[in-house]
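Asks: Pasting a structure below so you can have a look.
The values are calculated or read from the model by the stated rules, or taken from the named source; none is laboratory data. Here the structure is a predicted model, which is why all the values come from computation and not from measurement. Note: ideal-geometry Cβ built from the backbone for every residue, glycine included; neighbour counts use all protein chains shown. These accessible areas exclude ligands, DNA and RNA; they are computed on the full protein's heavy atoms, side chains included. Shrake-Rupley method; radii C 1.70, N 1.55, O 1.52, S 1.80 Å.
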Amino acid sequence: MRFDVIRPRCRQAVLLLSATLAAPFAAPFAATVHAQSAAPLPPFSQVSPWASALPAGKRAITQDTYDEWRTILGAALSPDGKWAAYTLSPVVGEGELIVRSTSASTEYRSTRGYTGRPQLMPSADSAAQFSPQPAQFNADSRFVVFLQYAPRAEFERLRARRGSPPPSTMLGVLDVADGKVVRVPRVRSFRLARNGGRFLAYLLEDTTSQRPASTPGVPSRDSSRSTAARRETGTTLVLRELSTGSETRIDGVTNFAFDESERWLGYTVASRDGAGDGAFVRALATGNVTTLLAGRGTYRGLVFDRKGDQAVFVTDAGESTAPNRFSLYHAALTPVKGRAIAARRIVASSESPAGLQIAERGRVDFTRDGNAVLFSFGAVPFDSIPSDSLLDKAVFDLWHWKDTKLMPQQKVDAARDRNRTQLALYQLAGGKWVKLGSDSLQQVTVSDDGRRALATNSVEYAVEQMWGEGGSDVFIIDAMTGARTLVAKQVPFGAQLSPAGGYVTWFQNGQWMSYNTASGKKGSLTASIPTVRFQDEEFDSPDVPPPYGLGGWTAGEKRVLVYDRYDVWEVDPAGIVPARNMTDGEGRRLSMTFRVLDLDPEDRFVDPQQPVLLRAVDDATKNSGFWRDRLGVDAKPEQIVMGARNYGALQKARSAEQYLMTQQTYREFPDLWTGPSLSQVARISDANPQDSQYPRGTVELVSWLNTDGVPLRGLLFKPEGFDAAKQYPMVTYFYEKLSDGLHNYAAPTGRNVVNPMVYNALGYL
């Protein structure tokens, strides 16, 4: 038997075996692995002498087959649970919006244009990888709003004309009562309020100028004289009443937003002559418009708090002595007797620290409780380039051996580093602001009440991070005064701030640690459970094993949920009440991994009075399912549904007991299933009916001992019509823990990996 081993990448290998057919097998397969060979690759039918033996009635897989396979994107339930919407998109080609009843066979389809676009850049996380914006239901579940992109032919036509702007998008509004779609051409973006459901707002494209935008943070080539930047003007904002179709148009709008309860529409205006510039709010119940601030200038980032009682934005209006310097403005929207609604400046541009300015496009937001405003400082940009600059005259890379990033990474991060901002917070009650972030404290998390912040600093360990080590120093910041307290040094896996800001948690030296932000007390959350490992028990890399993670906090931050390999633990962060195993040790006893599911992203805490929903995976069989358990109760978890498939992507309707999920096996695509309970669901999609036309074998879990006596498992894929009496060529591919994917669907593809469906179709094991 001949073994040919090819190592194309680290920790990955392809092993080629055949008892009798090694000689003709090895050479052509090596050609397929080394895809960058100068010689063109032969078609698969020529690579494999066994490919002609297709099962009866089956079609051969070709390169064109890959592109026709479709994916479900952006699946969502309507708030009332009566409808599901998703985009059905091929690898390359035109996509469709599908709106389907969850209780009947009613289904509406509408084109979404060129959604399946080939990846044009080599890196897997390339920005060129396009994903269509998900369609959205309005709050009363009567309409679906989506963007429709131009057809593929239009993209190809404009690609041939260098410098042409991208094709415009169209807005679609689908009425679920009859499936009729209203389409509006040349729409840039749209918004729906989270609650309410009466209105839709959308911004039209600017058709008056096709001048390309400059790169943010990069000054134009210039003489030593400063040249004013081209003034950005707004376009038409349309406010549409969905039930009647009546529309109101507002000119010169640059950005806009609804409050969550649909009381207000806020927008900023940049008119061509500057006379109409300002920030405004429109009362949606009456149509009355209130001017928050007016005057020639640039207005950015208008947002509301969660209750819709206040708004905030930044502007450079009135900053005549400091051009391009922004101030932060706040407006209380609840009328006070004898006082009109208007914005007041709460942080002036002159208050900015040396070398910084309030960032024009940085973060502007309220804390979750609405008692403080988050905003950002950024570096003051150069407004000109000296005439003796070497820009465009010399191209070189200057690297120093003490640099914390290799040169290729410096290039990738250059634009992001130029536009990096530092977070600050303004306390509305106290009328003071503090800068939380800095050039070294780049990751900052603020508590819901805006009183505390967590920041990490990895600068000291930046060099070690280049080879996968390092860590971060963790600080807690008093957001009232800006005072910083060092919590821990060189934490390898980051730290988390509890939702209410009462605790900092992190994993270090095999223990979950906690820090009480009020008392300053530090301790171990898991030291009282010495027999349990909370870090990866199977980790086999030459590095520190990572933890299994946290499952959330209970109301009042009374308990934090901690994972071991199989079970979920309830731990008192104050260290008073002994830890208890919420899943009662059933996970380890059954070799079943339990993890908490959160179906309501708006709910910050786990309710101890309600059942806790769990996802379970059987380590031995790879079966999965959903279970339920209760906090503080000595009872074993209860199975809801479990099977030889991969259940995933679970979601619940916001206002109804209706669920949406995917189910997949190697032979079944992860289509959408819905129902009133997790154990009573029906399939409502059929993304790839063509699958049955192509040969698809079977997969089974196999086990063996390696030469060190360690038990290992793998997946054996057999061709359709496998005959145990025959000999087959075999490809062995290993990389990490692929056997966990026993119940994962495999679509045919020719990129990056050994695709089991394709090689089974060619007669390989």
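Asks: So HIS400 passes all but one of these: (1) part of a loop (DSSP other than H, G, I, E, B); (2) of a type outside the set (Phe, Trp, Tyr); (3) over 24 Å from PHE313 (Cα atoms); (4) touching a residue at least 24 places away in the same chain (Cβ under 8 Å). Which condition number does it fail?
Replies: (4)
Asks: Out of all the residues in region 126-185, which are out of contact with any strand residue (DSSP E or B) (no Cβ under 6 Å at 6 or more places or on another chain), over 18 Å from SER78 (Cβ atoms) and among the small types (Gly, Ala, Ser)?
Replies: Across region 126-185, the qualifying residues are SER126, ALA127, ALA128, SER131, ALA153, ALA160, GLY163, SER164, SER168.
Asks: Now for a separate question. Within region 112-121, is even one residue open to solvent by 20 Å² or more (accessible area, probe 1.4 Å) and either hydroxyl-bearing (Ser, Thr, Tyr) or within 23 Å of ILE684 (Cβ to Cβ) (or both)?
Replies: The answer is no, given that none of the residues of region 112-121 is open to solvent by 20 Å² or more (accessible area, probe 1.4 Å) and either hydroxyl-bearing (Ser, Thr, Tyr) or within 23 Å of ILE684 (Cβ to Cβ) (or both).
Asks: How many residues are open to solvent by less than 20 Å² (accessible area, probe 1.4 Å) and not aromatic (Phe, Trp, Tyr) if we restrict to region 143-178?
Replies: Matching residues across region 143-178 total 9.
Asks: Does region 281-298 include one or more residues that are open to solvent by less than 30 Å² (accessible area, probe 1.4 Å), out of contact with any Lys or Arg (no Cβ under 7 Å at 6 or more places or on another chain), among the hydroxyl-bearing types (Ser, Thr, Tyr) and not in a loop (DSSP other than H, G, I, E, B)?
Replies: no
Asks: From the list ALA415, ALA394, pick out the single residue that is among the small types (Gly, Ala, Ser) and not in a loop (DSSP other than H, G, I, E, B).
Replies: Answer to the check: ALA415.
Asks: Let me ask something else. So which pairs qualify, if the first residue must be in region 142-168 and acidic (Asp, Glu), the second must be in a loop (DSSP other than H, G, I, E, B) and open to solvent by less than 40 Å² (accessible area, probe 1.4 Å), the Cβ gap must be under 7 Å, and the two must be at least 6 apart or on different chains?
Replies: Pairs that qualify, where the first residue is acidic (Asp, Glu) and the partner is in a loop (DSSP other than H, G, I, E, B) and open to solvent by less than 40 Å² (accessible area, probe 1.4 Å), are GLU154/PRO167.
Asks: Just to be sure before I move on: is ASP473 open to solvent by less than 60 Å² (accessible area, probe 1.4 Å), charged (D, E, K, R) and at negative phi in the structure I sent?
Replies: Yes; evaluated as a whole, the condition is true for this residue.
Asks: If the requirement is being assigned to a strand (DSSP E or B) and either in contact (Cβ under 8 Å) with a residue 24 or more places away in the chain or open to solvent by 70 Å² or more (accessible area, probe 1.4 Å) (or both), which of these qualifies: LEU701, LEU712?
Replies: The match here is LEU701.
Asks: So which residues in region 588-612 are without any contact (Cβ under 8 Å) to a residue 40 or more places away in the chain and over 20 Å from ALA500 (Cβ atoms)?
Replies: Across region 588-612, the qualifying residues are ARG588, ARG589, LEU590, SER591, MET592, THR593, PRO611.
Asks: Go through (1) open to solvent by less than 40 Å² (accessible area, probe 1.4 Å); (2) hydroxyl-bearing (Ser, Thr, Tyr); (3) assigned to a loop (DSSP other than H, G, I, E, B); (4) modelled with pLDDT of 95 or more for SER271 and report which single condition fails.
Replies: For SER271, the failing item is (4).
Asks: When only residues in region 365-384 that are touching a Leu at 6+ places or on another chain (Cβ under 7 Å) and open to solvent by 20 Å² or more (accessible area, probe 1.4 Å) count, which is nearest to LEU328 (Cα to Cα)?
Replies: Only one residue fits best here, namely ASP365.
Residues are listed down the side, and each one gets a yes or a no for (1) hydrophobic (A, V, I, L, M, F, W, C); (2) open to solvent by 60 Å² or more (accessible area, probe 1.4 Å); (3) closer than 30 Å to ALA761 by Cβ; (4) not in a loop (DSSP other than H, G, I, E, B):
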residue	(1), (2), (3), (4)
LYS622	no, no, yes, no
ALA635	yes, no, no, no
VAL641	yes, no, no, yes
GLY648	no, no, yes, yes
ALA656	yes, no, no, no
TRP673	yes, no, yes, yes
ALA682	yes, no, no, yes
ASP686	no, yes, yes, no
ARG696	no, no, yes, no
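Asks: Then there's this: Take the residues in region 562-577 that are in a strand (DSSP E or B) and among the aliphatic types (A, V, I, L, M), then tell me which one is farthest from VAL612 (Cα to Cα).
Replies: Going through the qualifying residues, I end up with VAL571.
Asks: Quick one: which strands (runs of 3 or more DSSP E) sit completely within region 447-561 and have at least 1 residues that are closer than 20 Å to ARG580 by Cβ and in contact (Cβ under 8 Å) with a residue 40 or more places away in the chain? I'd like the intermediate steps shown before the answer.
Replies: Working: elements: 452-457, 472-478, 484-491, 495-497, 503-508, 511-516, 522-524, 550-553.
Strands (runs of 3 or more DSSP E) meeting the threshold: 503-508, 511-516, 522-524, 550-553.
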